[in-house]
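For reference, the structure discussed in these notes is given below.
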Amino acid sequence: MTGHIAPPPTRAVVVEECDNPSSAYFLLPALARLPCPVTRRRFADLPDPAELEGAMVVLARYVPGGWVRLLTAVRPRLSRLVFFMDDDLFDTAASRGAPLHYRFKLWRLAARRRDWLLSQKAEFWVSTPALMEKYAAWGPRLVLPAPLPAEAASPETDTRRIFYHGTASHNPDIRWLFPVMAEVLTKNPRLALEIVGKKAVAALYRPLPRVTVVHPMPWPAYRIFAAAPGRHVGLAPQLDSAFNAARSYTKFCDITRSGAVGVYAAGSACADVVEHEKDGLVVPMQPAAWVAAITRLAGDDGLRTAMLQNARDKLAELSQRAEASHSSLFTEGPEAPEATDA
């Protein structure tokens, strides 16, 4: 049955912990289609209830306590209530291997709010087919990422910089990558590595030559940082885990926007959009295969130049696909599921 466009809300309110990639890649491009203002509020930035009359409220990944109380009180006056997740935030087992403080945060702000969201008849928006399949009983809608504007190509320098910008949730992948980069950097004095992490990552990679460990930073600062010229090969390793299975292909967007060409894990979401040997290299999670792929890509400037142009063309295609998909988010969909004791 073909859906029809629901009456537009008076405004859309995105509730977010801070400026972040989830909003930038998924929510703000989708909500831009609405013929009403879109505002963004932090956890502690609670509006007067009257301001939410007829509004669409979108919870980006997390449901803070103050908003639970406010939204419970004003739910009958809302146009729509949406919860968006771009990781498997409800299944605590899926984040096994991530730091305990991060897993506790996921439980505190997401997993334990599941039944409340169901009781409030919230809509569920998700970022990947894996999440759609896992939570199919909840009638989720898929939001595709819209790539950020591409930056100018970085100038060539004598050193070729390889980078991996993973957050704390990528710690298992960071550890897996260490022996790979130990071999790459030892054999190739022209190559350098840039990696994001805190003290544990710095301690792990300290023995390797030509490694820069960058402290994690807020999303607005990272967007500027990642756009700086001088990066050549981006890495997106992804071990086979429940948490990684729900990731989207935003790493392809980030790497290409940085003016680099990526090496991506076979079987990952990035591998679904990257064509091997055309707009990146897709290799199995075997250390020898990654050593060979990184060394080859870093050492062949002509190959990277051709692949980078193809990757930028792919980003344009993905942007069009995301834009086309956004209209379906505002048609009437299936009834929200009832709350259960499960």
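The values are calculated or read from the model by the stated rules, or taken from the named source; none is laboratory data. On a predicted model such as this, the values are computed, not experimentally measured, just so you know. When we count neighbours, we look across all protein chains shown, and the Cβ atoms used for this are built from the backbone with ideal geometry, even at glycine. We work out accessible area using only protein heavy atoms, side chains counted, and drop any ligands, DNA or RNA first. Shrake-Rupley method; radii C 1.70, N 1.55, O 1.52, S 1.80 Å.
Data overview
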| read-out | value |
| --- | --- |
| Whole-percent carbon and sulfur share, accessible surface of the chain, 1.4 Å | 57 percent |
| Most positive-pole-ward Cα, 143, 221, 258, against dipole of the chain from beta carbon charges | 221 |
| Loop trypsin sites (Lys or Arg not before Pro), segment 76-166 (other Cβ atoms within 10 Å of the site Cβ: 15 or fewer; DSSP) | 121 |
| Top positive-direction residue, dipole computed over the chain with Cβ charges, set 166, 310, 290 | 166 |
| Residues residue 286 and residue 175, FRET efficiency given R0 of 22 Å [Cβ-Cβ distance, rounded to 0.05] | 0.90 |
| Computed lengthening from residue 93 to residue 266, 0.36 nm per intervening residue step minus Cα-Cα distance | 60.0 nm |
| Surface accessible to a 1.4 Å probe, residue 102 within the full protein complex, Å² | 30 Å² |
| Modelled label reach - residue 101, point 7 Å along Cα→Cβ, segment 211-233 residues with backbone N closer than 18 Å | 214-219 |
| Net length gained if the chain between residue 137 and residue 190 were fully extended (0.36 nm per residue, minus Cα distance) | 13.9 nm |
| Hydrodynamic radius (Kirkwood) for segment 98-188, which is based on Cα pairs only, to one decimal in Å | 17.6 Å |
| Residue-normalised accessible area of segment 190-291, given per residue in Å² at a 1.4 Å probe | 40 Å² |
| Residues of segment 1-116: accessible area per residue with a 1.4 Å probe, Å² | 45 Å² |
| Rg to Rh, two decimals, where the chain supplies the alpha carbon set and Rh follows Kirkwood | 0.99 |
| Among 89, 78, 117, residue whose mean-square fluctuation peaks in a GNM of the chain (springs only between Cα atoms under 10 Å) | 78 |
| Separation between Cα centres of segment 291-306 and segment 203-280, rounded to whole Å | 15 Å |
| Helix 171-187 vs. the chain, principal-axis angle (Cα, 0 to 90°, nearest 10) | 20 degrees |
| Solvent-free Debye scattering, log10 I(q)/I(0), computed from the Cα coordinates of segment 33-182 at q = 0.09, 0.13 Å⁻¹ | -0.41, -0.77 |
| Tensor-based shape of segment 252-327 (alpha-carbon gyration tensor, a/c under 1.5 rounded, otherwise prolate or oblate) | oblate |
